[in-house]
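A quick write-up on the structure given underneath.
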Amino acid sequence: MTQGLGLSGAVTLISHFVFIMISFRLLTAVRFDKFLRPNHVRESQLLMVFIAIALGYFVSEFFLSLISSARALPLLLR
């Protein structure tokens, strides 16, 4: 039982990390410095990191929820 919980936790952490990295990579195409005041490069970089974390987390949670729901679907057919 605890091995299943450990595996689930590992999959969740890996999923969050992967989707945060994908989000960060995709957000590099957006010029956040254009939206902020001039000479605030450090702030635009930090904003990009925070947005990547939030976006990656929510996308990861969506996919984990979708997988969980799909795994529970056969129980409906019993």
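The values are calculated or read from the model by the stated rules, or taken from the named source; none is laboratory data. Only a predicted model underlies this, so the values are computations on that prediction, with no experimental measurement involved. Here the Cβ is made from the backbone with ideal geometry for all residues, glycine too, and neighbour counts use every protein chain on show. These accessible areas exclude ligands, DNA and RNA; they are computed on the full protein's heavy atoms, side chains included. Shrake-Rupley method; radii C 1.70, N 1.55, O 1.52, S 1.80 Å.
For the chain, the longest principal axis of the Cα atoms and the long axis of helix 41-76 meet at an angle of about 20 degrees.
Report, in degrees rounded to the nearest 10, the 0 to 90 angle that the Cα long axis of helix 2-27 makes with the longest principal axis of the chain. Roughly 30 degrees, rounded to the nearest 10.
Its convex hull of Cα atoms gives the chain a direction-averaged projected area, equal to a quarter of the hull surface, of 6.9 nm². Normalised by the number of residues in the chain, what is the relative contact order in percent for Cα pairs under 8 Å and 6+ residues apart? Relative contact order of the chain: 38 percent. Label separation (residue 75 vs residue 10): 2.4 nm, computed from points 7 Å beyond Cα along the C-beta direction. How far is it, in nm, from the label point at residue 53 to the one at residue 28 when both lie 7 Å from their Cα along the line to the Cβ? Taking the two extended label points, one gets 2.0 nm.
Remark: the chain carries 85 Å² of accessible area per residue (probe radius 1.4 Å; ligands, DNA and RNA excluded).
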